[in-house]
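Written below as structure tokens is the structure these notes are about.
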Amino acid sequence: MKITTTTKKFREGVKLSGKKGDEVRWESTGHLSVQLLDSYGAHPIAKRKVTVDIPSEGKVDLESDDSGKIFHPDVPFQDYELDLGDKVKVHAPAVANRDDVQERHVPDVSNAHVRLLVRDIFGFPSVEDTLTLEGPDGVKIEVKTDDVGYAEHLGALAPGTYRVKGMAGETDVELTDHGDGLVVAVLKDLE
């Protein structure tokens, strides 16, 4: 009797008849262990849905964690195409060790970051103000200015125009792809 199996199935146990000539063939398996980063490799692509075709399992839906990592155990050693949707795809091989992580920069994913120096209409700092930023796709976040009117948000956001609202008024700011420069936001009266 010949049995063909994988490491995953072998761990679960393979029953043999006990007859002379029994043979077990197994295929060593690895792990799909990938960290998705933006095109510059500066920020993780967190909470992103990914689809991958795994032999003997078919299409598998995964989601990256807060650090952009995806893990799926016991896959055959080969290259995998990870489909991030919107025609965005990256490739990564299976790895032997659970702790090995393949880092992949995704060129089609761009991020913007909030670094604002906030002033009122007269040029004075907007101090200790809670600002609301509303942007593309209904994104809404809050940031607080410090004692010189500086505010930042460490998470990655979609590039685009954001409406900034605070006690001194509101204005639009443009957050650019991978922009890490400081944006001066002059709040105009709400009237």
Just to be sure before I move on: is VAL75 within 21 Å of the chain's Cα centre (by Cα), surrounded by 14 or more Cβ atoms within 10 Å (Cβ to Cβ) and outside any loop (DSSP other than H, G, I, E, B) in the structure I sent?
no
Could you identify the single residue in LYS89, LYS2 that is modelled with pLDDT under 95, basic (Lys, Arg) and surrounded by 14 or more Cβ atoms within 10 Å (Cβ to Cβ)?
LYS89
For the range 147-165: of the residues being modelled with pLDDT of 90 or more and under 19 Å from GLU128 (Cβ atoms), which is nearest to the chain's Cα centre (by Cα)?
GLU152
Taking only the range 102-144 into account, find how many residues are surrounded by 14 or more Cβ atoms within 10 Å (Cβ to Cβ), of a type in the set (Val, Ile, Thr) and without any contact (Cβ under 8 Å) to a residue 40 or more places away in the chain.
4
Can we say ASN97 is of a type outside the set (A, V, I, L, M) and crowded, with 16+ Cβ neighbours inside 10 Å?
no
If you check LEU82 against the conditions, is it surrounded by 15 or more Cβ atoms within 10 Å (Cβ to Cβ) and either in the same structural domain as THR176 (by TED's automatic domain parsing) or part of a strand (DSSP E or B) (or both)?
yes
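The values are calculated or read from the model by the stated rules, or taken from the named source; none is laboratory data. Because the structure is a prediction, the values reported are computed rather than measured. Here the Cβ is made from the backbone with ideal geometry for all residues, glycine too, and neighbour counts use every protein chain on show.
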